[in-house]
Amino acid sequence: MKHIIVGTAGHIDHGKTELVKALTGIDADRLKEEKERGITIDIGFAFLTMGDARFGFVDVPGHERFVKNMLAGVHGIDLVLLVVAADESIMPQTREHFDICRLLRVKSGLIAITKVDLVDEEFLQLVEEEVRDFVRGSFLDGAPVIRVSARTGVGLEELKAALVNISDRIQERQSNAVPRLPIDRVFTKRGFGTVVTGTLVSGTLREGQNVEILPRQMEATIRGLQVHNRPVEVAHAGERTAVNLQGVGVDDLQRGDVLVPPRRFRPTFMLDARLELLPTAPQPIENRTRVRFHIGTAEIMARVILLDRESLRPGDAALVQLRLERPTFAVAGDRFIIRRYSPQTTVGGGVILDPLPSKHPPFRPQSERSQTLIDRLHRLESDDPHERIAAWVDAAGPRGVTIGELAARSGWIDDEVDSIIAHLVEQRRIQEIQGQQRYYLSAEGFAELKRQMTELLEDFHRANPLLEGIPREELRNRLLPRMPADFSASLIARLVEEPEFAAERDRVRLASHQVRLSADEARQQQALLAAIRRAGYQALTLEQVAERTDVDPSLVRKLLQLLIHEGRVIRLGELIFDAELIHELIDKVRARKAVNPKLDVATFKQLAGVTRKYAIPLLEFLDRQGVTRRMGNERIIL
């Protein structure tokens, strides 16, 4: 069965609630104050099944003071039922509600002219003509205009038939998408506890499922579900859904929160967007204008930062960053509305391009940074999902981005993101860095890191000509400071695979770099090696080597490091041994195996001719080399 959400729109006292009741038999006014005052104050709900479609009606208040409540109800509708009273025709809230529907990009709808029993035919024809002129050029141009009376029942069957007819053209929401339910009501029900309601805009919710409430980042479990007052095990996209939550209290939640899968999305204080200002807006929007920002069921105060111009005039659109005074949750493609701070009137709306952006400076003419940002945001407006993913990867720069971060921005399911990423990697537009998790960099970002690493190594080789290369850890800290260790280590490993670089042991160098000693440096190095060989197994420390030679103190450490790298000496802790003697010792130990495969410390001291000070580090080295294996107080010769 197809699930369709119908939102009413129209001026106060034009008969929206009476019409919904006449259609469904349900009075959507649920509050005592609404009954007493005879006006709708908050959103109400009703439902009706006709043919293969189940319609959920969201009845919204028409009074200008309650437009923020109207916005909380209209966010998830599939089609709008624009209600115009025959005795008043087009009124201020008719216009504002209609502007809101257009800004939210509602694609379908129909028009009901109500209270037709109160006027004559001639006046009714004038009203109908005015209504058709009013919607001309909009999504309601050519939509059915049906004359109805909730009191007499005139036109109700025709209206029902029109709803069924238009429902065939409504595209069903994706049940395999990531579930999102913006909360519009929170209350306690005796015997159940905390209950929230909302329109399930995508995906499915299941009884027993764990969920997270954003932006509060609280987790709960779905204890029970109801759709149209009936218990269900699964709620589907497009259904008005009541969710009984376990693990949170009614005071923990409020209208504007959103139910989502746990740990998939993040709250945000900033949003990059395209903002359209209505032609009827009373004045331009200047940089840092304070507005009322409406998204989903939330209302938040925000500042508008203009990114591609210095002033946004009525009727124009601009790229903006919205700085929020409290966090919210959104994904790319979500629509929003902005209203003036005071007086509260709707002035514009738009679409979210990036829900997790970095902080941008205001627009600066002739600024390369501004132009780069504008170009990237234009790419995020593309209909091609590959281009949008590529733009997010580009924006991440050298820090890279994970599949999870891309899913949080886009709101797409993992399989869809994986497929797009695989295609971009195949095209070599992005680079995959495999660590504990997968990271992605743009081809341009990877090339920039290669350039930076080349410059860093060139500087290092100039300053340290006698060193084979820079230690990996030092390179990581200098090239990728403050990056996660897993990512930076994996990225260095990927970079050194490039032909411009080489890596040996724990050091990285330019492939073209070679250590070349001058004649004097070569002589001094031989003097160091001779002193180490004379010491034999009575190994020297670095300081002792320096004391026993006439080598320039500033060169001792560098020349020794080169000898170690070339494998001509071996350093065990503070002790430095001649490598040839170590290899001779290994041969002696292995030859002893024919006599006795066991080796204790005393026997080894006698075999090597050393004291315990040198025997222990030598034996531990043999263990690490797989020559021996310690068993209690003895070694087994392998």
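Observations, loosely collected:
- Put simply, of P361, P355, P365 the only residue that is in the same structural domain as H294 (by TED's automatic domain parsing), surrounded by fewer than 17 Cβ atoms within 10 Å (Cβ to Cβ), modelled with pLDDT of 90 or more and within 29 Å of G315 (Cα to Cα) is P361.
- Entry remark, segment 83-125: residues being touching a residue at least 24 places away in the same chain (Cβ under 8 Å) and more than 25 Å from L275 (Cβ to Cβ) number 21 in total.
- Which listed residue is buried (at least 20 other Cβ atoms within 10 Å of the Cβ) and part of a strand (DSSP E or B), from T221, T194, T188: T194
- Looking across segment 229-251, the residues that are in contact with a Leu (Cβ under 9 Å, 6 or more places away or on another chain), in contact (Cβ under 8 Å) with a residue 40 or more places away in the chain and in a loop (DSSP other than H, G, I, E, B) come down to A237, G238, E239.
- From the list R136, R132, R151, the lone residue that is surrounded by fewer than 18 Cβ atoms within 10 Å (Cβ to Cβ), within 28 Å of G296 (Cα to Cα) and charged (D, E, K, R) is R136.
- For segment 559-578, the count of residues that are surrounded by fewer than 16 Cβ atoms within 10 Å (Cβ to Cβ) and in contact with a Pro (Cβ under 7 Å, 6 or more places away or on another chain) is nonzero.
- Failed condition for R523, given (1) surrounded by fewer than 16 Cβ atoms within 10 Å (Cβ to Cβ); (2) in the same structural domain as L585 (by TED's automatic domain parsing); (3) in contact (Cβ under 8 Å) with a residue 12 or more places away in the chain: (3)
- Within segment 341-361, the set of residues being in contact (Cβ under 8 Å) with a residue 12 or more places away in the chain, farther than 25 Å from D257 by Cβ and more than 23 Å from the chain's Cα centre (by Cα) comprises T345, V347.
For (1) among the hydroxyl-bearing types (S, T, Y); (2) modelled with pLDDT of 95 or more; (3) surrounded by 21 or more Cβ atoms within 10 Å (Cβ to Cβ), each residue gets a yes or a no:
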| residue | (1), (2), (3) |
| --- | --- |
| F293 | no, yes, yes |
| T297 | yes, no, yes |
| I300 | no, yes, no |
| V320 | no, yes, yes |
| G350 | no, yes, yes |
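- The sole residue among Q538, Q514, Q544 that is among the polar types (S, T, N, Q), touching a helix residue (DSSP H, G or I) at 6+ places or on another chain (Cβ under 7 Å), modelled with pLDDT under 85 and surrounded by fewer than 19 Cβ atoms within 10 Å (Cβ to Cβ) is Q538.
- Matching strands (runs of 3 or more DSSP E) fully within segment 577-638 where at least 1 residues are under 59 Å from the mean Cα position of the chain (by Cα) and closer than 24 Å to I564 by Cβ: 628-631
- Residue list for segment 271-296, restricted to those being in contact with a Lys or Arg (Cβ under 6 Å, 6 or more places away or on another chain) and either aliphatic (A, V, I, L, M) or in a loop (DSSP other than H, G, I, E, B) (or both): P284, R288
- Hey, R364 within 17 Å of the chain's Cα centre (by Cα), under 30 Å from S311 (Cβ atoms) and without any contact (Cβ under 8 Å) to a residue 60 or more places away in the chain or not: no
- The set of residues in segment 336-348 being of a type outside the set (A, V, I, L, M, F, W, C) and modelled with pLDDT of 95 or more consists of G348 alone.
- Among the criteria (1) of a type outside the set (V, I, T); (2) in the same structural domain as R624 (by TED's automatic domain parsing); (3) on the phi > 0 side of the Ramachandran plot, the one R505 does not fulfil is (2).
- Candidates are the residues of segment 163-185 that are small (G, A, S) and in a loop (DSSP other than H, G, I, E, B); the one that is farthest from the chain's Cα centre (by Cα) is S175.
Residue-by-condition table, conditions (1) of a type in the set (V, I, T); (2) over 28 Å from L466 (Cα atoms):
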| residue | (1), (2) |
| --- | --- |
| T541 | yes, no |
| A546 | no, no |
| V551 | yes, no |
| S554 | no, no |
| K558 | no, no |
| I576 | yes, no |
| I586 | yes, yes |
| A602 | no, yes |
| V610 | yes, yes |
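- Pick from segment 404-420, criterion touching a residue at least 12 places away in the same chain (Cβ under 8 Å) and of a type in the set (D, E, K, R), ranking: surrounded by the most Cβ atoms within 10 Å (Cβ to Cβ): R409
- For the condition of a type in the set (G, A, S), surrounded by fewer than 20 Cβ atoms within 10 Å (Cβ to Cβ) and not assigned by TED's automatic domain parsing to the domain that holds R409, G208 qualifies.
- Residue match in segment 465-473 (condition: outside the structural domain of D334 (by TED's automatic domain parsing), within 14 Å of the chain's Cα centre (by Cα) and either more than 29 Å from N176 (Cα to Cα) or not charged (D, E, K, R) (or both)): no
- Residues of segment 536-560 that turn out to be assigned to a helix (DSSP H, G or I), in contact (Cβ under 8 Å) with a residue 12 or more places away in the chain and touching a strand residue (DSSP E or B) at 6+ places or on another chain (Cβ under 9 Å), as a count: 3
- So V250, is it among the β-branched types (V, I, T) and touching an Asp or Glu at 6+ places or on another chain (Cβ under 8 Å): no
- Test: residue in segment 386-406 that is farther than 21 Å from L491 by Cβ and of a type in the set (S, T, N, Q): no
- Residue that is under 24 Å from the mean Cα position of the chain (by Cα) and either touching a residue at least 60 places away in the same chain (Cβ under 8 Å) or under 25 Å from V58 (Cα atoms) (or both), where the choices are F265, F269: F265
- The condition (being buried (at least 20 other Cβ atoms within 10 Å of the Cβ) and assigned to a helix (DSSP H, G or I)) is satisfied by just one residue among L126, L71, L81: L71.
- Leading residue by the ranking (farthest from the chain's Cα centre (by Cα)) among those in segment 120-149 that are aliphatic (A, V, I, L, M) and more than 13 Å from V84 (Cα to Cα): A143
- Helices (runs of 4 or more DSSP H) contained entirely in segment 421-496, each with at least 1 residues that are in contact (Cβ under 8 Å) with a residue 40 or more places away in the chain and under 25 Å from S554 (Cβ atoms): 443-463
The values are calculated or read from the model by the stated rules, or taken from the named source; none is laboratory data. Every value quoted in this text rests on a predicted model; they were computed, and no experiment measured them. Cβ coordinates were reconstructed from backbone atoms using ideal geometry, including for glycine residues, and neighbour counts include every protein chain displayed.
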